[in-house]
Amino acid sequence: MSGELPPQVQNQLAQLQQLQQQAQALLNQKSQIELLKKETEAAYKELESSSDQVVVYKNVGELMLRSDRDKLLAELKERSDLMELRLKTVSKQEERIQSRFTQLQEQLRQSLGQAPPRGS
Amino acid sequence: MTEDQVRQLLSAYQQYQAEADALVRQLSLAQMTEQGLGRAVTAVEALSSAQVDQEILVPIGSGSYAYAKLASTDRIILNVGGGVSLDKPVDQALETLKKRRAEIGEGVRKLGEAVSKVEGEMAQIQSVIEQLEHAAAGSEGVVQ
């Protein structure tokens, strides 16, 4: 079927497919970051509601290291802020891809409108 | 039914198949988590009948164990996510673990329902396709 399309249209279709794949990859990345952020926030809340003298461990690979509550709270806050920043970056990338997709879609529509009828 | 409609049916079937595969993967992960929580609940409950300094075996992987002595029967270390684990009294830890198990159990139930729903849709499409195949085979027989 694509053999009957002009090379320009084929190229635009390929670009659209590529953009779609990029959008899907970004979406996966975004939901993974959101999940991690949620988990970090839940851990922060749990730790914050514990007493100052709570015995707390930090998981490092297979080891669990005795740690300090306030130090861990600061680490979790920093991690959560970092994830927020990454989410903003991914959202901006998503917007750029969406805008490029719409632009390309319009170009494709115009190209198809101008394409000579099949068989002529 | 036109060729286009058959193609649409097959495409819908493939989409449902992909959806079912993804749901089954999620379901199996949720079931594993639920089983893990069940094991943790059993172990924490068993602590109440254990003694401080009682000899225990600590799993170190591949069915191997290290000798150890129980240091406490009334407190355990509970993972709260985000790479953080807290020391908790047994009753509080048990409550948290049971709550998590109930939440995951609810998720397992919902995922099971979603899988059944998608499989139902697939069965319906399969039945339509089989009817079409029979009809096509019948009409070929008439031609012969």
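So, with +1 on the Cβ of K and R and -1 on the Cβ of D and E, and no other charges, what is the size of the charge dipole of the protein assembly as shown about its Cα centre, to the nearest 20 debye? Write out the running numbers ahead of the final one.
Numbers: 30 positive and 37 negative charges, 142 e Å.
Using Cβ point charges on Lys, Arg, Asp and Glu, the protein assembly as shown gives about 680 debye.
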TODO: Enumerate lysine pairs in chain A that are 8 or more residues apart or on different chains, then count those whose Cα atoms are under 27 Å apart.
DONE: 26
Open item on the list: Could you work out the relative contact order of the range B:16-99? I mean the mean sequence separation of Cα pairs under 8 Å and 6+ apart, divided by the number of residues, in percent.
Closed with: 23 percent
Task: Where the range A:25-120 is the region considered: accessible area per residue in Å², 1.4 Å probe - done: 74 Å²
Open item on the list: Tell me the accessible surface of residue A:88 in square angstrom (1.4 angstrom probe, heavy atoms of protein chains only), to the nearest ten.
Closed with: 120 Å²
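Under 1.5 on a/c is rounded, so check that first for the range A:10-111, then, if it is not, pick prolate when a/b is larger than b/c and oblate when it is not; a ≥ b ≥ c are the square roots of the alpha carbon gyration tensor eigenvalues. Walk me through the intermediate numbers first.
On the way: a/c = 5.46, a/b = 3.55, b/c = 1.54.
Since a/c reaches 1.5 and a/b is larger than b/c, the shape of the range A:10-111 is classed as prolate.
Using the C-alpha gyration tensor of the protein assembly as shown, what are the square roots of 5 times its eigenvalues, in whole angstrom, with the largest one first?
On the way: eigenvalues 582, 180, 38 Å².
Values for the protein assembly as shown, descending: 54, 30, 14 Å.
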Task: Where A meets B: accessible area buried, both sides, 1.4 Å probe, Å² - done: 1000 Å²
TODO: Leaving ligands, DNA and RNA out of it, work out the accessible area of residue A:56 with a 1.4 Å probe and give it in Å² to the nearest 10.
DONE: 0 Å²
Task: Percent carbon-and-sulfur accessible area, the range A:10-111, ignoring ligands, DNA and RNA, probe 1.4 Å - done: 49 percent
Task: Distance histogram for chain B (every C-alpha pair counted, 5 angstrom bins, percent rounded to whole numbers) - done: 2, 8, 11, 13, 12, 9, 8, 6, 6, 6, 5, 4, 4, 3, 2, 1, 0, 0
Task: Of B:17, B:6, A:65, farthest towards positive along the dipole that unit charges on Lys, Arg, Asp, Glu beta carbons give the protein assembly as shown - done: A:65
TODO: Give the carbon-plus-sulfur fraction of the accessible surface of chain B in %, rounded to a whole number; probe 1.4 Å, heavy atoms of protein chains only.
DONE: 53 percent
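Leaving out ligands and nucleic acids, and using a 1.4 Å probe, what accessible area per residue does the range B:62-144 come to in Å²? Before the final figure, lay out the partial values.
On the way: 5340 Å² over 83 residues.
Each residue of the range B:62-144 exposes 64 Å² on average to a 1.4 Å probe.
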Open item on the list: How tilted is helix B:90-143 with respect to the longest principal axis of chain B? Cα atoms for both, answer in degrees (0 to 90, nearest 10).
Closed with: 10 degrees
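Per residue of A:79-90, what is the mean number of Cβ atoms on other protein chains within 10 angstrom of that residue's Cβ?
Per residue, the average neighbour count from other chains is 0.
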TODO: Just need the relative contact order of the range A:10-111 here, percent rounded to a whole number, with Cα pairs under 8 Å and 6+ apart.
DONE: 40 percent
- [ ] Could you check which residue among B:30, B:66, B:18 shows the biggest mean-square fluctuation in a GNM of chain B with a 10 Å Cα cutoff?
- [x] B:66
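In what sequence, largest accessible area first, do B:32, B:122 appear using a 1.4 Å probe? Could the numbers behind the result be given before it?
Working: B:32 120, B:122 20 Å².
So the residues, ranked largest to smallest area, are B:32, B:122.
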Task: Degrees, to the nearest 10: B:3-47 long Cα axis against longest axis of chain B - done: 10 degrees
Open item on the list: Averaged across B:72-80, how many Cβ atoms of other chains sit within 10 Å of each residue's Cβ atom?
Closed with: 2
- [ ] Could you check which residue among B:53, B:91, B:21 shows the biggest mean-square fluctuation in a GNM of chain B with a 10 Å Cα cutoff?
- [x] B:53
- [ ] Rank B:80, B:93, B:68 by how far each Cα sits towards the positive end of the charge dipole of chain B (+1 on Lys, Arg Cβ; -1 on Asp, Glu Cβ) and give me just the farthest.
- [x] B:68
Open item on the list: So if I place +1 on the C-beta of Lys and Arg and -1 on the C-beta of Asp and Glu, and nothing else carries charge, what would the dipole magnitude of the range A:10-111 be about its Cα centre? I want it in debye, nearest 20.
Closed with: 400 debye
Task: Selected from B:107, B:38, B:83 as most flexible by GNM, with chain B as the system and alpha-carbon contacts under 10 Å - done: B:83
TODO: Enter the mean number of other protein chain beta carbons within 10 Å of the beta carbon of each residue in A:66-78, as an integer.
DONE: 1
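Heavy atoms only, probe 1.4 angstrom, no DNA, RNA or ligands counted: give me B:73, B:33, A:40 ranked by accessible area, highest first.
Numbers: B:73 35, B:33 65, A:40 5 Å².
Greatest to least solvent exposure: B:33, B:73, A:40.
Compute the signed sum of charges (Lys and Arg +1, Asp and Glu -1) over the other residues within less than 13 Å, Cβ to Cβ, of residue A:12. Let's see the in-between values first.
Numbers: positive: A:100, A:109; negative: A:106.
My count for the surroundings of residue A:12 gives +1.
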Task: Helical mean residue ellipticity (222 nm; -39500 (n - 2.57) per DSSP H run of 4+; nearest 500) of chain B - done: -25500 deg cm²/dmol
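The values are calculated or read from the model by the stated rules, or taken from the named source; none is laboratory data. Nothing here was measured: the structure is a model prediction, and the numbers come from that model. Here the Cβ is made from the backbone with ideal geometry for all residues, glycine too, and neighbour counts use every protein chain on show. Calculation scope for accessible area: heavy atoms of the full protein, side chains included, ligands and nucleic acids excluded. Shrake-Rupley method; radii C 1.70, N 1.55, O 1.52, S 1.80 Å.
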